[in-house]
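*Asks:* Following this message is one structure expressed as structure tokens.
The values are calculated or read from the model by the stated rules, or taken from the named source; none is laboratory data. Source: prediction; values computed, not measured. Positions of Cβ are generated from backbone atoms using ideal geometry, with glycine treated the same way; all protein chains shown enter the neighbour counts.
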Amino acid sequence: MLWILYAILSGFFVALSDALSKKYFAKEGFIEMTVARTLGAFPFLFPFFLYFLINKGAYFYFTPNFIFVTLILLFLEIIATLFYTKGIEISPLSASLPFLSFTPVFIIFTGFFLLGERVSVAGAIGIFLIVVGAYFIHLPRISRGFLAPFKGIWEEKGSLYLLITALIYGITSVLGKMGLILSDPLFFAAFYFSLLSLATPLTLKIFYRVQVFSFCRKRLKEIFLVGGTQALMCFFHMLALNLVETAYMIALKRTSILFAVIFGWYFFRERHIGLRLGAAFLMFLGILLIAFFR
């Protein structure tokens with residue numbers, strides 16, 4: 001059961017990375033925030049990839065199918081990361097990050113409409129809990145009408161951006177599983193996270209003309225701090241992934257939404273903390289029902 005500890009630690013460090021990203025870089029913008037959390041992790045992650053490449057002889061994993069899946073995954077992940085960082089830049093952590101819990105809901109509906117997969121009773125209850133949790137996130141708006149908390153998802157842009165992120169993650173989770181099948185869980189995690197941490201800032205430099213090197217020189221300490229927590233997330237992600245099925249690990253990793261609400265209060269004194277923590281807990285229970293009993 002050691003995988004449970006690893007998965008929860010992975011969730012803890014991704015939430016901490018989000019909080020530190022917002023704390024140090026939100027005023028500079030979500031582009032700089034994205035550069036910090038990705039490029040800052042590269043020096044910590046790349047040695048893992050080299051280890052697998054040199055000591056494990058992992059060259060044979062680079063088949064055409066593997067490369068094709070990785071490129072599509074990388075493209076979607078960069079887009080998701082931009083929505084992710086923009087969401088936590090403009091909205092409270094406690095009002096945005098819990099919406100990542102919708103990823104398994106999107107996966108269920110995709111399976112239903114495309115594959116004809118039926119939703120179990122537990123899965124239906126899980127979806128209900130996640131939707132109820134989303135309602136309670138914006139419950140303080142209920143004075144404007146019964147549906148106002150749902151409308152708050154659209155009005156609070158951070159909630160909307162994380163909902164879009166969850167939708168993209170619903171696709172990338174399937175592609176990521178394909179990458180695991182075509183290679184090895186630990187190798188793929190080391191390779192893919194290293195590639196993502198390098199490709200994302202390079203893409204931003206090309207399309208947004210962000211001055212990556214001058215930014216890194218100016219904020220090196222904070223970048224390494226954010227990148228280090230991101231790398232720790234990846235490290236525990238890899239350890240858990242080697243011990244249990246991907247769906248179960250990701251479900252426990254979503255404890256990040258609980259930690260995010262706590263960090264939102266600790267770092268930024270966000271409002272309605274008790275209500276949002278309870279809502280996030282409902283959403284987390286929904287994730288567990290879907291992952292373990294669907």
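*Asks:* Kindly provide the set of residues from the stretch 78-121 that are acidic (Asp, Glu) and surrounded by fewer than 21 Cβ atoms within 10 Å (Cβ to Cβ), ordered by number.
*Replies:* Filtering the stretch 78-121 for residues acidic (Asp, Glu) gives 89, 117.
Within the stretch 78-121, 117 is the sole residue that qualifies.
*Asks:* Over 27 Å from residue 130 (Cβ atoms) and among the small types (Gly, Ala, Ser) - does that describe any residue in the stretch 238-261?
*Replies:* no
*Asks:* Moving to a separate point now. Using the structure shown, decide if residue 13 is buried (at least 16 other Cβ atoms within 10 Å of the Cβ), part of a helix (DSSP H, G or I) and either of a type in the set (Val, Ile, Thr) or modelled with pLDDT under 95 (or both).
*Replies:* When the stated conditions are applied, residue 13 does not pass them.
*Asks:* Output the residue which, of all residues in the stretch 122-146 that are of a type in the set (Gly, Ala, Ser) and in contact (Cβ under 8 Å) with a residue 24 or more places away in the chain, is surrounded by the most Cβ atoms within 10 Å (Cβ to Cβ). Spell out how you get there, then give the answer.
*Replies:* As a first pass, look at the stretch 122-146 and keep what is of a type in the set (Gly, Ala, Ser): 122-124, 126, 133-134, 143, 145.
If we keep only those that are in contact (Cβ under 8 Å) with a residue 24 or more places away in the chain as well, we get 122-123, 126, 133-134.
Details: 122: 16, 123: 22, 126: 27, 133: 25, 134: 24.
The selected residue is 126.
*Asks:* Next question, about the same structure. Applying the selection to the stretch 38-66, what residues are more than 30 Å from residue 265 (Cβ to Cβ) and either outside any helix (DSSP H, G or I) or among the β-branched types (Val, Ile, Thr) (or both)?
*Replies:* Scanning the stretch 38-66 gives 54, 56, 57, 62, 63.
*Asks:* Being β-branched (Val, Ile, Thr) and closer than 15 Å to residue 8 by Cα is the filter; apply it to the stretch 218-260 and report the residue that is surrounded by the fewest Cβ atoms within 10 Å (Cβ to Cβ).
*Replies:* Ranking the candidates gives 246 first.
*Asks:* Quick one: how many residues across the stretch 175-199 are out of contact with any Lys or Arg (no Cβ under 9 Å at 6 or more places or on another chain), closer than 18 Å to residue 227 by Cβ and not hydrophobic (A, V, I, L, M, F, W, C)?
*Replies:* Final tally of qualifying residues: 2.
*Asks:* What number of residues in the stretch 182-198 are surrounded by fewer than 19 Cβ atoms within 10 Å (Cβ to Cβ) and either at pLDDT 85 or above or at positive phi (or both)?
*Replies:* 2
*Asks:* Quick one: which helices (runs of 4 or more DSSP H) sit completely within the stretch 112-221 and have at least 3 residues that are under 17 Å from the mean Cα position of the chain (by Cα)?
*Replies:* Result: 157-181, 185-207.
*Asks:* Any residue in the stretch 241-264 that's touching a residue at least 40 places away in the same chain (Cβ under 8 Å) and at negative phi: show its pairings with residues that are of a type in the set (Lys, Arg) and part of a helix (DSSP H, G or I) at Cβ separation under 7 Å, as long as the two are six or more apart or on different chains.
*Replies:* Note: pairs meeting the criteria are 246/177; 261/276.
*Asks:* Of the residues 74, 97, 82, which single one is in a helix (DSSP H, G or I), within 19 Å of the chain's Cα centre (by Cα), at pLDDT 85 or above and over 30 Å from residue 268 (Cα atoms)? Quick ask: steps written out before the conclusion?
*Replies:* Numbers: 97 fails: over 30 Å from residue 268 (Cα atoms); 82 fails: over 30 Å from residue 268 (Cα atoms).
Among 74, 97, 82, only 74 is in a helix (DSSP H, G or I), within 19 Å of the chain's Cα centre (by Cα), at pLDDT 85 or above and over 30 Å from residue 268 (Cα atoms).
*Asks:* Could you please give the count of residues in the stretch 147-166 that are of a type in the set (Gly, Ala, Ser), more than 25 Å from residue 289 (Cα to Cα) and in contact (Cβ under 8 Å) with a residue 60 or more places away in the chain? Before you say what the answer is, go through the steps one by one.
*Replies:* Initially, the stretch 147-166 is screened for residues of a type in the set (Gly, Ala, Ser), giving 148, 152, 158-159, 166.
Filter again for more than 25 Å from residue 289 (Cα to Cα), leaving 148, 152, 158.
If we keep only those that are in contact (Cβ under 8 Å) with a residue 60 or more places away in the chain as well, we get 158.
Going through the stretch 147-166 one residue at a time, the tally reaches 1.
*Asks:* Hey, another quick one. Quick one: which residue in 35, 69 is in contact with a Phe, Trp or Tyr (Cβ under 7 Å, 6 or more places away or on another chain), in contact (Cβ under 8 Å) with a residue 60 or more places away in the chain and in a helix (DSSP H, G or I)?
*Replies:* Working: 69 fails: in contact with a Phe, Trp or Tyr (Cβ under 7 Å, 6 or more places away or on another chain).
Every option except 35 fails the conditions.
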